[in-house]
Amino acid sequence: MKISIINGPNLNLLGKREPAVYGSQTFEDYFNTLKEKFPQLELTYYQSNIEGELIAKIQELGFSYDGIILNAGAYTHTSIGIGDAIKAITTPVVEVHISNTFSRESFRHQSYISGSAKGVILGFGLQSYELALLSFL
């Protein structure tokens, strides 16, 4: 089973960015842990700070992968384009957030992804990704 994790803007700074909110572990280290924990899955990882690159990756994988786990970061709340890309593909997408977006600023309560996603997991730290992986098994 092929699953891709796609992370959006500023998630390349995990481990450095606001550790009280996002933790102190880099995503690369956590991704290696996921690969060890789920050896039966073919896991790939992509990160970009650029909206168009995220849309292109969703389109690239969206007809050949078994699942996409997407943390679009701040684009979750602003990008109609990413939401439309998810509507256009056949691969199921699980929206993930490390923090509980509903306990943060009110602009983070809106998602242009949730309505087209298979599900939404948020607020469990990096474990949100593992919970999303389990939804595909």
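The values are calculated or read from the model by the stated rules, or taken from the named source; none is laboratory data. None of the values given here were measured: they were computed from a predicted structure. Every residue, glycine as well, gets a Cβ built from its backbone with ideal geometry; the counts of neighbours run over all protein chains shown. SASA here: full protein model, heavy atoms, side chains in, ligands and nucleic acids out. Shrake-Rupley method; radii C 1.70, N 1.55, O 1.52, S 1.80 Å.
Quick grid of which residues meet (1) at pLDDT 95 or above; (2) over 23 Å from Asn32 (Cα atoms); (3) open to solvent by 70 Å² or more (accessible area, probe 1.4 Å); (4) in a loop (DSSP other than H, G, I, E, B):
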{"position": "Tyr65", "(1), (2), (3), (4)": "yes, no, no, yes"}
{"position": "Leu70", "(1), (2), (3), (4)": "yes, no, no, no"}
{"position": "Ala74", "(1), (2), (3), (4)": "no, yes, no, no"}
{"position": "Ile82", "(1), (2), (3), (4)": "yes, yes, no, no"}
{"position": "Ala85", "(1), (2), (3), (4)": "yes, yes, no, no"}
{"position": "Val94", "(1), (2), (3), (4)": "yes, no, no, no"}
{"position": "Arg108", "(1), (2), (3), (4)": "no, yes, no, no"}
{"position": "Tyr112", "(1), (2), (3), (4)": "no, yes, yes, yes"}
{"position": "Tyr129", "(1), (2), (3), (4)": "yes, no, no, no"}
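Tally up the residues in the stretch 11-24 that are open to solvent by less than 70 Å² (accessible area, probe 1.4 Å) and not in a helix (DSSP H, G or I), please.
Of the residues in that region, 4 qualify.
Taking only pairs six or more apart or across chains, which ones have beta-carbon atoms under 6 Å, a first residue in the stretch 40-63 that is closer than 23 Å to Leu133 by Cβ and part of a loop (DSSP other than H, G, I, E, B), and a second residue that is of a type in the set (Val, Ile, Thr) and open to solvent by 40 Å² or more (accessible area, probe 1.4 Å)?
Cβ pairs passing all conditions: Phe63/Thr90.
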